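The values are calculated or read from the model by the stated rules, or taken from the named source; none is laboratory data. Remember, it's a predicted structure, so these values are computed and weren't measured experimentally. For neighbour counting, all protein chains shown are included, and Cβ atoms are generated from backbone atoms with ideal geometry for every residue, glycine included.
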Amino acid sequence: MGTYKKFLDFFKNGNYFSVYCQLAYVQDENGLRFVETPTGKMVNIFMLKDINSSFRIQPNNQLQVNYAASPQSRSLTEFLDLLKEKIQASLVRKQQKIEKEINNLESEFDDVKQEVRKTLSR
């Protein structure tokens with residue numbers, strides 16, 4: 001869908017309405033074929049602010065929307081609060097991943113050094 005920063009800039013610039021179009025497709029031997037959405041429509045159109053709260057922010061800061069989840073009506077300020085919560089949760093996940101990598105760094109290099117010593121001592 002795009003990075004959350006694009007949406008924040010969009011809203012900062014005085015734009016308040018962004019439409020989300022949900023299309024469903026399957027790949028077959030002829031390429032892509034559009035199919036009905038979970039609501040039984042070929043296209044499901046609603047305001048971005050109403051995307052289902054099950055969306056998450058991916059590591060590359062893209063919004064990932066649960067395709068099968070129905071829209072949820074909310075105000076733009078409620079959406080911004082929800083978006084902020086999702087961004088914070090994403091940043092915490094990134095921080096935890098980085099901390100885990102930092103904590104494993106020493107043992108990874110110790111293992112590599114040990115293997116190098118074995119190889120050099122032959």
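What to note about this one:
- The set of residues from segment 40-51 being assigned to a loop (DSSP other than H, G, I, E, B) and surrounded by fewer than 14 Cβ atoms within 10 Å (Cβ to Cβ) comprises Gly40, Lys41, Met42.
- Residue pairs meeting the criteria (Cβ under 7 Å; at least 6 apart or on separate chains; first of a type in the set (Phe, Trp, Tyr), in segment 29-42; second not in a strand (DSSP E or B)): Phe34/Met42
- Residue within segment 86-109 that is in contact with a Ser or Thr (Cβ under 9 Å, 6 or more places away or on another chain), in a helix (DSSP H, G or I) and either closer than 18 Å to Phe11 by Cβ or aromatic (Phe, Trp, Tyr) (or both) present: yes
- When the residues of segment 19-39 are filtered to those that are touching a strand residue (DSSP E or B) at 6+ places or on another chain (Cβ under 7 Å) and in a loop (DSSP other than H, G, I, E, B), the one that is surrounded by the fewest Cβ atoms within 10 Å (Cβ to Cβ) is Glu36.
- Of the listed requirements (1) among the small types (Gly, Ala, Ser); (2) over 22 Å from Asn44 (Cα atoms); (3) modelled with pLDDT under 90, Ala68 misses just one: (2).
- Scan of segment 1-18 for residues that are in contact (Cβ under 8 Å) with a residue 12 or more places away in the chain and part of a loop (DSSP other than H, G, I, E, B), ordered by number: Met1, Gly2, Tyr16, Phe17, Ser18
- Considering only residues in segment 30-65 that are over 16 Å from the mean Cα position of the chain (by Cα) and among the aliphatic types (A, V, I, L, M), the one that is modelled with the lowest pLDDT turns out to be Met42.
- Tyr67 vs. criteria part of a loop (DSSP other than H, G, I, E, B), of a type in the set (Phe, Trp, Tyr) and surrounded by 11 or more Cβ atoms within 10 Å (Cβ to Cβ): yes
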